[in-house]
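Heads up: the structure comes next, in structure tokens.
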Amino acid sequence: MNARAEPLAAAAPPAEPPRTAFAVLGAISFAHLLNDMIQSLILAIYPILKSGFDLSFGQVGLITLTYQLTASLLQPLVGVATDRRPMPYSLPVGMGFTLCGLLLLATAPNFPLLLTAAALVGTGSSVFHPESSRVARMASGGRHGLAQSLFQVGGNTGASLGPLLAAWIIVPHGRGSVAWFSLAALLAIAVLLQVSRWYGAHHLSRGSARRHHAAVMLSRNRVLLSLLVLGLLIFSKYFYLASLSSYYTFYLIHHFGVSVQNAQTHLFVFLFAVAAGSLIGGPVGDRIGRKSVIWISILGVAPFSLLLPHANLFWTGALSVVIGLILSSAFSSILVYAQELLPGRVGMVSGLFFGFAFGMGGIGAAVLGQLADAHGIEYVYRLCAYLPLMGLITVLLPELDRPRRA
């Protein structure tokens with residue numbers, strides 16, 4: 001009887017499916033909120049910096065360029081480095097750069113030190129995004145789209161809060177009050193220390209669990225073509241978002257004659273819709289497939305974007321909400337799709353796509369500003385209305401969901 005029982009006792013229990021670590025996802029999303037809120041403060045206090053240092057518009061643009069270069073170009077390099085050698089505690093270290101940049105921004109006595117402060121904040125962002133995206137994937141329990149959406153909604157919420165906090169705190173109390181936001185950076189460091197401990201304990205066991213059969217079936221040229229298509233979709237998405245996030249208030253004031261407060265309210269509603277949309281796209285992609293969400297999110301915006309320049313004030317507000325909800329749902333699916341194209345390169349892919357998105361947003365704002373100066377703000381909105389039609393190139397993407405489900 002004992003002999004018959006031994007094989008049963010020796011049989012290994014069935015492996016449990018990985019569980020989604022919602023506590024870790026919540027922590028990394030909260031840190032993303034704090035990180036992007038701090039980043040958005042730089043843009044929000046430009047009027048204070050311009051008047052306080054008697055800067056030209058060219059010098060203001062140089063601050064943006066310095067921040068964008070460090071925040072965009074360093075991200076893929078950080079991702080490649082951490083793919084080769086995971087660095088769990090790089091997350092709080094990166095936030096330490098942001099903390100130093102904030103304190104310097106509050107106290108810098110001259111323009112070169114202002115540029116140094118912007119570079120430090122950008123460097124902190126370049127370290128944070130690739131590694132935190134890796135943590136979100138590790139904590140997903142296989143629900144990669146949901147995890148990236150939860151991570152993204154934190155950043156979008158923080159970006160929308162930054163200008164409001166700047167208006168309430170920094171504008172009334174002056175540039176020195178920027179130092180108070182170092183408390184947010186310290187809080188983020190405390191949260192990220194806990195995340196890093198979890199990351200350090202789990203990355204070895206999760207690192208071998210890379211089963212992406214679909215990517216193995218694709219040739220190198222097909223993968224490169226797919227990455228090019230995804231890059232063009234990011235271009236269309238962030239150029240169009242730049243037209244709304246950077247110039248929406250000017251468009252409403254100029255086209256409809258509304259007050260500044262009314263225009264700011266419309267902008268806040270649009271940004272709230274963007275945050276909500278970023279939460280929707282990932283879970284829907286887990287259920288119906290990434291490519292389907294990319295189709296809907298980019299090309300599906302086209303009818304509404306084409307109507308927007310011809311709508312009255314009420315329908316302009318309503319259409320902007322629909323556009324924000326649909327278009328912002330794309331990024332999580334694009335990022336997860338790219339990660340599945342290049343298994344084992346989560347950091348590089350995350351850094352490349354976050355960096356490219358930041359770069360396109362910055363370049364888009366600058367290019368569209370020049371067009372608005374030359375041809376008027378209405379011309380910009382009529383021209384940008386056609387950008388979502390680039391979603392047609394989604395047809396060139398291979399279907400990854402069927403092999404994965406099989």
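The values are calculated or read from the model by the stated rules, or taken from the named source; none is laboratory data. Nothing here was measured: the structure is a model prediction, and the numbers come from that model. Glycine gets a Cβ as well: all are built from the backbone with ideal geometry, and neighbour counts include every protein chain shown. Only protein heavy atoms, including side chains, enter the accessible area calculation; ligands, DNA and RNA are left aside. Shrake-Rupley method; radii C 1.70, N 1.55, O 1.52, S 1.80 Å.
Where does each of THR249, THR107, THR116 land when they are ordered by accessible area, with a 1.4 Å probe and the largest first?
These residues rank, largest area first, as THR107, THR116, THR249.
Could you state the angle between the C-alpha long axis of helix 144-165 and the longest principal axis of the C-alpha atoms of the chain, as a value from 0 to 90 degrees rounded to the nearest 10?
With rounding to tens, the tilt is 20 degrees.
Restricting to Cα pairs below 8 Å that are 6+ residues apart, what does the relative contact order work out to for the chain? Please round to a whole percent.
It rounds to 25 percent for the chain.
Any chance you could give the angle, 0 to 90 degrees and rounded to 10, that helix 90-107 forms with the longest Cα principal axis of the chain?
10
Run through region 318-406 and list the GluC sites (Glu not before Pro) located in a DSSP loop whose Cβ has at most 13 other Cβ atoms within 10 Å.
In loop regions of region 318-406 (DSSP not H, G, I, E or B), the sparsely surrounded GluC sites (Glu not before Pro) are GLU399.
What is the spin-label model distance, in nm, from TRP315 to HIS202 if the labels are put 7 Å beyond Cα along the C-beta direction?
4.8
Nearest 10 degrees is fine. How inclined is helix 57-84 to the longest principal axis of the chain, computing both from alpha carbons?
10
Hey, any idea what % of the chain's accessible area is carbon plus sulfur with a 1.4 Å probe?
Carbon-and-sulfur percentage of accessible area, whole number: 68.
Let me check something: with ligands and nucleic acids excluded, how do CYS384, CYS100 order by accessible area (1.4 Å probe), largest to smallest?
CYS100, CYS384
Along Cα→Cβ, 7 Å out, is where each label goes; now give me the distance between the ones at SER219 and PHE250 in nm to one decimal.
Taking the two extended label points, one gets 4.6 nm.
Kindly sort LYS237, LYS50, LYS291 by accessible area of their heavy atoms, largest first, with the probe set to 1.4 Å.
Order by accessible area, largest first: LYS50, LYS291, LYS237.
Given charges of +1 on the Cβ of Lys and Arg and -1 on the Cβ of Asp and Glu, with all other atoms neutral, how large is the dipole of the chain about its Cα centre, in debye to the nearest 20?
Approximately 1160 debye in magnitude.
Please name whichever of TYR238, TYR89, LEU186 sits farthest to the positive end of the charge dipole of the chain, dipole taken about the Cα centre and charges placed at Cβ: Lys and Arg +1, Asp and Glu -1.
TYR89
Take the Cα of VAL93, step 7 Å along the line toward its Cβ, and report every residue of region 177-194 whose backbone nitrogen sits under 15 Å from that point.
193, by backbone N distance to the label point.
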